[in-house]
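The values are calculated or read from the model by the stated rules, or taken from the named source; none is laboratory data. In this text, all values refer to a predicted model and were calculated from it rather than measured experimentally. When we count neighbours, we look across all protein chains shown, and the Cβ atoms used for this are built from the backbone with ideal geometry, even at glycine. Accessible surface is based on the protein model in full, side chains and every heavy atom, while ligands, DNA and RNA are left aside. Shrake-Rupley method; radii C 1.70, N 1.55, O 1.52, S 1.80 Å.
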Amino acid sequence: EEVQGPWQIWAGVIGRTDVDIVCNECSVNADCNLNGLCRNDGKCECYNDEDGVTFIGPHCEVRLKDDCRTIYGELHNDTWSVVPVAWDDKGKGLWQSYDRPVYRYQGGNPLINDTDVVVLIYSGDRWF
């Protein structure tokens, strides 16, 4: 049967391919996007506060500028700030989700009780 209109039918064949799976480890500093140091255990140690920028992510691929540590809502001018945590050996770190910083509500929105703990988290697709 012939297709009418703007529709198309693909009647092709999917070929066979090989897939290689490797560990998500670094072996040289370049594997850390030159934004950190590759440790002997294969993990990147990202630079923290280099010229006002902190690098995060397994390969130090996400830049968090100091100017972006606090963000403001458009409607109520509410304030959200990055959540620092002390889980690394230097007592410095950021609460992260999908290698993005997690922001905690600080105040300013009359619809949110200031005693509630509300966070802004990146889901890998969008912020919620």
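Ranking Y47, Y122, Y103 from most to least accessible surface, computed with a 1.4 Å probe over the protein chains only, gives Y47, Y122, Y103.
For the residues W10, W95, a 1.4 Å probe over the protein chains yields an accessible-area ranking, largest first, of W10, W95.
In this structure segment 1-114 gives 78 Å² per residue of accessible area when probed at 1.4 Å with all protein chains present. Shape summary of segment 24-128, radius of gyration then Dmax from alpha carbon positions: 15.6, 50 Å.
A convex hull fitted to the Cα coordinates of segment 17-57 yields 83 cubic angstrom per residue.
The residues packed around Y98, meaning those with a beta-carbon under 13 Å from its beta-carbon, carry a net charge of -1 if Lys and Arg are +1 and Asp and Glu are -1. Seen from G52, the other residues with C-beta closer than 11 Å to its C-beta sum to a net charge of -2, counting Lys and Arg as +1 and Asp and Glu as -1. Could you look at the chain and say what percent of its accessible area is carbon and sulfur, using a 1.4 Å probe and all protein chains? That fraction is 50 percent. Sequentially through segment 14-30, phi angles give Karplus couplings (6.51, -1.76, 1.60; θ = phi - 60°) of 8, x, 8, 9, 9, 10, 9, 10, 10, 5, 8, 10, 9, 10, 9, 4, 4 Hz, Gly and Pro residues having no value and appearing as x.
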